[in-house]
Amino acid sequence: MDTPNLTNPEFYINRELSLLEFNRRVIAQAEDESLPLLERLKFLCIASTNLDEFFEIRVAGVKQQVKYGSVQTGPDNLSPVETLKQIGRIAHELVENQYAVLNEAITPKLEQEKIHLLRRAQWKPAVARWLKRYFNGNVLPVLSPIGLDPAHPFPRVLNKNLYFIVSLEGKDAFGRETRLSIVQAPRSLPRVVHLPQDVSNGKWNFVLLSSIIHAHVDNLFPGMTATGCYQFKVTRNSELFVDDEEVDDLLIALEGELPSRRFNDAVRLEVAENCPTELSAFLLRQFGLEEGDLYKVNGPVNLNRLMAICDLVDRPELTFPGFTPELPPRLQKNVSIFDVLKNGDILLHHPFQSFAPVIDFVRQAASDPSVLSIKQTLYRTGDDSALVEALKEAARQGKEVMVVVELRARFDEEANIELANELQEAGAHVVYGVVGFKTHAKMVMIVRREGRSLRRYVHLGTGNYHARTARLYTDYGLLTCDKAVAEDVNMLFLQLTGLGRASKLKKLLQSPFTLHKSLLGFIEQESANARAGREARIIAKMNALVDPEIIRALYHASMAGVRVDLIVRGICCLRPGVTGLSENIQVRSIVGRFLEHTRVYYFLDGGNEQVMCSSADWMPRNLHHRVEACFPIEEKRPKDQIIKFGLLNYLSDNTQAWLLQSDGSYKRARPGHQKPRNTQQQLLENYCR
């Protein structure tokens, strides 16, 4: 058999279309009747937020390529024009499906549970009176309608904010015959209003702010008649541009760029389904968009705002059951984490195991008089972070605290600028990593005096130092005082905070220097073993697989006879199951209660099993343009734990798994005659109480 030409574009899936397929799987969760009702609504809202970000970043990037006449293609050979065309086709289909699920599945089920999102036609007199008072007292004072005429040009519309275009008849106080007005929904007000029980005769009755404004829009135009009122929302390019070669101060440069995100080029227009064609066309012209950029929706244009209902409704039976994460037995006694680590590593599997030991690790360091310094990377932390408070307290105690804050963590830039300032005010040293390379590695290093010597303790993770997402995302964290690992972490911090050439690390692999090359080497070793007649196996779990060199290496491995199992939550550009190319490769995506976020790589290596955890996905940006850390799991117990629970368990899932087909579509796994296996539920039962 002839060796396939691995540059054949048919062997690669377009990354943008693969990302849209992930959102299709999220919407499918909202359709899944086996899930609790409010969780289904959450999945629908998450899909809406995902699509917003997809347009803000991915579609915006493709549109810029088209605008500047780029003909550059990826391995799939789709031109930017063709990519945009296919995105439009699939995205319109997904949006239509979203609202069908909302109107035909979710809303009727909510009503059966006596949870009502009342439309204007459903307002009884008592409700209407209460809402009129609410409008006059809370909404009207902060509304500023803008009539469109030569003195009032079309306003600058904020990214992703809710607006109304209102058609009018009559003359105003100055005799002007303004035909159109734009009204912005106040960002300071809740989008979902919870009605008092004594007014609506129900505990869980809600009205959208958009409905309230629509019902009372005439009040904004005394003496005139509003003949139509239609919601719309614009999504804009939200990628920030900072010239790495010209910037002198990254923080100042980002602060200057952040305001532009609200008013960058428009990439999508959403309007209410009943919006007249002439008004939709008018809005498209204002935003420089084309017909294909218009999305007419049968429901609220800001669908993701319905997430508020999930927070307001106190019905535990309509949500996933609560759980208490396990605290590893070695940490259950009130002992020093440092003493525990001297007797062996601790592997934490979040959210099934508690994130508290990570917080305690830094807290104990902050209060321990033997601790001299703490170094940590921060990418995303969330509000009121206990870790950040511990770092600030350590600095106040006079310890040397060095924090690498990644200012360019997308959509967290503003929060991270504030975080950097807070840490500096507390006395910590703050740097922003390396210009041109995002710092995505997750590391803490603590230096402690013990007798006459110093010992380093470290934490390495696959996920962010964010206590809230640690209960929502699956991630691994390793606590260790292994000397070689700690020395490697120290070298990484020296690279990030100082100057000089990269030194060779003993155990860790890092981007952008050694990780990519090493992964290719591991894959080739499995291929060589298979060609020599030895058993060969690769299992890898990640968020995305895009890198063409790694995909080609995996194709070679498959052709050599290596069994390859990939667990890829989101984007996957590799085509499995292609005859003569990837018959030995299976790709699955797990979409369930928790966001699968672990990055784990397994190579059989002739029986000398190699297990590594990492902050990096197999994408060019992670492997070549970010600072990432990949760390080995060497002790037998944690290694076995990852293989059994973090990999093989996922390969047996037949309820939450989706299998990637060679045509780029996904097919949901079904138990059939087998016992149903839900990996995440099994992990909850194994670890949690």
Under-5 Å amide H pairs with ILE633, H placed in peptide plane, nonlocal only: VAL611, MET612, CYS613
Cross-link partners of LYS124 among lysines (Cα-Cα below 22 Å; sequence separation of 8 or more within a chain): LYS109, LYS114, LYS132, LYS203
Relative pair counts by distance (%), Cα atoms of the chain, 10 Å bins: 3, 13, 22, 24, 20, 12, 5, 1, 0
Computed lengthening from ARG452 to ALA281, 0.36 nm per intervening residue step minus Cα-Cα distance: 53.9 nm
Förster radius 22 Å - calculated FRET efficiency between VAL66 and ARG187, Cβ distance, rounded to 0.05: 0.10
Rough spin-label spacing in nm, given labels placed 7 Å along Cα→Cβ, for GLN682 and ARG179: 6.5 nm
Label-point separation, ARG315 to GLU400 (7 Å along Cα→Cβ), nm: 5.8 nm
Extended-chain gain in nm, criterion 0.36 nm per residue less alpha-carbon gap, THR514 and GLU549: 11.1 nm
Residue-wise HN-Hα coupling along segment 216-221, computed from phi with Karplus coefficients 6.51, -1.76, 1.60 (Hz; x: Gly, Pro): 10, 4, 4, 5, 7, 10
Within the chain, percent of DSSP bridges classed antiparallel, to nearest 5: 65 percent
Average projected area [Cα convex hull, segment 275-420], square nanometres: 14.8 nm²
Share of Cα-Cα pairs in segment 255-356 lying beyond 17 Å, as whole percent: 74 percent
Cleavage-rule hits (trypsin sites (Lys or Arg not before Pro)) in segment 303-393: DSSP loop, at most 13 neighbouring Cβ within 10 angstrom: LYS333, LYS342
Radius ratio Rg over Rh of segment 60-125, counting only Cα atoms, Kirkwood formula for Rh: 1.33
Additional length obtainable on full extension of the chain from LEU494 to ASN8, 0.36 nm per residue less Cα span: 170.7 nm
Calculated FRET value between ALA484 and GLN424, using beta carbons and R₀ = 25 Å, to 0.05: 0.15
Peptides 543-549, 414-420 ordered by average Cβ neighbours within 10 Å, highest first: 543-549, 414-420
ASN654 versus ASN161: modelled label distance in nm, points set 7 Å from Cα along the beta carbon direction: 5.3 nm
Sequence-distant aspartates and glutamates (8 or more away, or on other chains) whose Cα lies within less than 18 Å of LYS675: ASP653, GLU685
Two-decimal Rg/Rh across segment 1-90, once Rg and the Kirkwood Rh are taken from alpha-carbon atoms: 1.12
Tensor-based shape of segment 557-689 (alpha-carbon gyration tensor, a/c under 1.5 rounded, otherwise prolate or oblate): rounded
Gyration tensor (Cα) of segment 490-594, equivalent ellipsoid semi-axes in angstrom: 29, 19, 11
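Every number in this text was worked out from the coordinates using simple rules, so none of it is lab data. All of these numbers come straight from a predicted model, not from anything done at the bench. Counting neighbours? That spans all protein chains shown, and the Cβs are built from the backbone with ideal geometry, glycine included.
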